[in-house]
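The values are calculated or read from the model by the stated rules, or taken from the named source; none is laboratory data. Since the structure is predicted, the reported quantities are computational estimates derived from the model, not experimental observations. Heads up, the Cβs are rebuilt from the backbone with ideal geometry, glycines too, and the neighbour counts pull from every protein chain shown. The area values use the complete protein model at the heavy-atom level, side chains included, leaving out ligands, DNA and RNA. Shrake-Rupley method; radii C 1.70, N 1.55, O 1.52, S 1.80 Å.
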Amino acid sequence: RDLHSFPTRRSSDLSARAREAVTQGANAVLDISRQYVPVDTGDLASSGGVELEDNPTGPVAFVTYSSDHAAFNEFGTGRRGAESGNAAPGITYSPTWPGMSGHAFLRPALDAGRPDILAAFTDAGFTI
């Protein structure tokens with residue numbers, strides 16, 4: 001049988017479904033991260049969002065927080081940050097400043113949101 005006679009999905013349909021699944025998965029992680037984010041004034045929590053990019057390999061989403069202190073909360077600062085277990089790889093923490101412990105909210109949200117990400121793809125018809 002001629003290989004070209006098999007029905008296939010159009011690549012534009014596949015791309016649209018992938019974009020939707022990626023967006024839904026990222027929004028699920030954003031929603032979960034807002035449950036973990038430390039709240040003082042609400043600036044950090046309200047600065048969260050999802051950015052979607054189309055790469056040659058497919059759509060990619062980023063959960064971002066634009067507040068100036070987002071990274072300090074996630075990874076900590078000074079000695080306490082370095083010792084908190086949330087230290088950012090490749091970042092040098094000041095050993096002479098006590099600083100503050102990190103309060104991770106993005107990585108735990110990604111871990112907790114994994115089932116939602118997988119569900120977004122299976123709901124869009126992808127086999128995981």
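Counting only residues that are hydrophobic (A, V, I, L, M, F, W, C) and assigned to a loop (DSSP other than H, G, I, E, B), which one in the range 82-117 is surrounded by the most Cβ atoms within 10 Å (Cβ to Cβ)? Even if it seems obvious, please write down each step before you answer.
If we filter the range 82-117 for residues that are hydrophobic (A, V, I, L, M, F, W, C), which is where we start, we get 82, 87-88, 91, 97, 100, 104-106, 109-110, 112, 117.
Subsequent filtering for residues that are assigned to a loop (DSSP other than H, G, I, E, B) retains 87-88, 91, 97, 104-105.
Values: ALA87: 14, ALA88: 14, ILE91: 12, TRP97: 12, ALA104: 19, PHE105: 22.
Going through the qualifying residues, I end up with PHE105.
Going by the conditions given, is ARG79 without any contact (Cβ under 8 Å) to a residue 12 or more places away in the chain, open to solvent by 30 Å² or more (accessible area, probe 1.4 Å), basic (Lys, Arg) and in a helix (DSSP H, G or I)? Outline the logic, then answer.
On the way: without any contact (Cβ under 8 Å) to a residue 12 or more places away in the chain: no; open to solvent by 30 Å² or more (accessible area, probe 1.4 Å): yes; basic (Lys, Arg): yes; in a helix (DSSP H, G or I): yes.
No: the conditions fail for ARG79.
Can you confirm whether THR122 is open to solvent by 90 Å² or more (accessible area, probe 1.4 Å), β-branched (Val, Ile, Thr) and without any contact (Cβ under 8 Å) to a residue 12 or more places away in the chain? Walk me through it before giving the result.
On the way: open to solvent by 90 Å² or more (accessible area, probe 1.4 Å): no; β-branched (Val, Ile, Thr): yes; without any contact (Cβ under 8 Å) to a residue 12 or more places away in the chain: yes.
Taking the combined requirement at face value, the residue does not satisfy it.
Quick one: which residue in ASP68, ASP54 is loosely packed, with under 14 Cβ neighbours inside 10 Å, free of Cβ contacts under 8 Å to residues at least 12 places away in the same chain and charged (D, E, K, R)?
On the way: ASP54 fails: free of Cβ contacts under 8 Å to residues at least 12 places away in the same chain.
Every option except ASP68 fails the conditions.
Could you please find all residues in the range 10-41 being of a type in the set (Ser, Thr, Tyr), in contact with a helix residue (DSSP H, G or I) (Cβ under 8 Å, 6 or more places away or on another chain) and open to solvent by 60 Å² or more (accessible area, probe 1.4 Å)?
Result: TYR36, single match.
Looking only at the range 58-70, decide whether some residue is closer than 17 Å to LEU110 by Cβ and assigned to a helix (DSSP H, G or I).
Yes - at least one qualifying residue is present in the range 58-70.
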